[in-house]
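S.K.: Next up is a structure, given as C-alpha cells.
The values are calculated or read from the model by the stated rules, or taken from the named source; none is laboratory data. Bear in mind that the values here come from a model prediction, so they are computed numbers and not experimental data. Please note: Cβ atoms are built from the backbone with ideal geometry, for glycine as well, and neighbour counts cover all protein chains shown. Just so you know, the surface numbers come from the protein's heavy atoms only, side chains and all, with ligands and any DNA or RNA stripped out. Shrake-Rupley method; radii C 1.70, N 1.55, O 1.52, S 1.80 Å.
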Amino acid sequence: MQTGQIDVRVMKMLLYLAKSGFRMGVTSLKCGHSVYTSSGNISHHSIGGAVDIATINGLPVLGNQGPGSVTEALIRHILELQGTMVPDQIISLMTMGGPTFVMGDHADPVHVGDSGA
C-alpha cells in the first residue's frame, strides 16, 4: 500500500466501510493472486484494483451470505458509492443489482474489483 501499488479507490472504499462500522478481514489485495482468473480474464488483483473480504465484524463471509446477513449489509453499503468510486464488480453468492453478480467460488470472500479504466 505504501508503494502505491493498490488503487486509491480500493483504499478509500475500505476506509468508507470502516467508518461505517465494518471491521473487515482482507485476504487478498495485489499480492498472492495470479494474473489470470480461472475464466482466463485478467484479474483486477494483478493491477492492485481489487480486494477480497473474508470476514466482516468477526464473522466469516462463508456461511453468512443471503438476506439479512452481514455480507448483504456490507454489499449494500458498497452499492451506495457514487461516480468513479462505483466498482466494476462485486462478486459473492448474491446478486443485488448494479455491479453485483454471483460466482459459486465466492462463498468465502466478497470480491470487489475495478479495472482502473
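S.K.: All but one of (1) polar (S, T, N, Q); (2) modelled with pLDDT of 95 or more; (3) in a loop (DSSP other than H, G, I, E, B); (4) under 30 Å from Thr3 (Cβ atoms) hold for Ser38, so report the exception by its number.
M.R.: (2)
S.K.: Still on this structure: Within segment 67-117, which strands (runs of 3 or more DSSP E) (wholly inside it) include 3 or more residues that are in contact (Cβ under 8 Å) with a residue 12 or more places away in the chain? Give the steps one after another, and end with the answer.
M.R.: Numbers: elements: 89-92, 100-102, 110-113.
Fully inside segment 67-117 and qualifying: 89-92, 110-113.
S.K.: Among the residues of segment 85-106, write down those that are open to solvent by less than 40 Å² (accessible area, probe 1.4 Å) and at pLDDT below 90.
M.R.: Once the filter is applied, which keeps residues that are open to solvent by less than 40 Å² (accessible area, probe 1.4 Å) and at pLDDT below 90, segment 85-106 yields only His106.
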